[in-house]
Amino acid sequence: MSTNSKNFLDLYAKALNTFDPKIIASFCSLPTIIMHDNGRKIITSKDYLEQVTRRIFTTFNQAGIKKFVPQLQQTLRLSDTLWFSKMRWRFYNENEQLCFGCATSYTLQKMPDNQLKVIVMIIDDDEKKLAKIFNHAE
């Protein structure tokens with residue numbers, strides 16, 4: 001497992017818990033592709049990425065989600081600059097009660113400044129609860 005990708009994903013998890021769209025956007029390269037069973041988005045601007053993230057966070061807040069807890073399941077080096085990582089996310093409410101979980105796979109690319117960035121995010125909503133949140137955020 002790559003220490004770089006694990007460190008990146010740890011930082012990304014901490015950033016998600018800030019609920020700050022600007023911070024989350026800094027973890028993504030443009031274009032970024034976000035895919036799930038019901039569709040995909042190809043995001044080509046930082047402003048649009050922040051807008052989508054803001055809507056998702058608003059919907060998470062409305063659903064009572066206050067904390068994201070990751071569990072790294074797998075990381076594979078695909079090439080000198082590409083990694084594939086699979087996370088299991090758990091979503092908790094303000095009372096630290098588990099609401100649901102989902103798997104998310106990331107393709108990460110090392111940029112010229114040696115920082116890793118998300119280029120593709122694939123959300124596997126096995127409990128179908130996240131789909132409701134995304135549908136409200138569209």
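Since every read-out is calculated from the coordinates, none of them should be taken as a lab result. Since we're looking at a predicted model, the values are computed, not measured. Using ideal geometry, Cβ is built from the backbone for each residue, glycine included, and neighbour counts are taken over all protein chains shown.
Points worth noting:
- (i) 2, 10, 17, 21, 19, 13, 9, 6, 3, 1, 0; (ii) 2, 10, 19, 26, 23, 13, 5, 2, 0; (iii) 2, 10, 17, 20, 15, 11, 9, 7, 5, 3, 2, 1, 0, with the label sought being that of the calculated P(r) over Cα pairs in 5 Å bins from 0, in percent: (ii)
- Theoretical ellipticity at 222 nm over the chain - DSSP helices of four or more residues, -39500 (n - 2.57) apiece, nearest 500: -10000 deg cm²/dmol
- Spatial separation of Cα centroids for the stretch 62-92 and the stretch 4-61, in angstrom: 12 Å
- Cβ charges +1 (Lys, Arg) and -1 (Asp, Glu), total dipole of the stretch 3-137, debye: 40 debye
- Summed residue charge, Cβ within 13 Å of residue 13's Cβ, Lys/Arg positive, Asp/Glu negative: +4
- Residue order, fewest to most surrounding Cβ atoms within 10 angstrom, among 87, 35, 111: 111, 35, 87
- Exposure proxy shown here: for 5, 79, the number of other Cβ atoms within 10 Å sets the order, fewest to most, as 79, 5.
- Axial C-alpha extent at least 18 Å, average Kyte-Doolittle at least 0.0 - helices from the chain (DSSP): none
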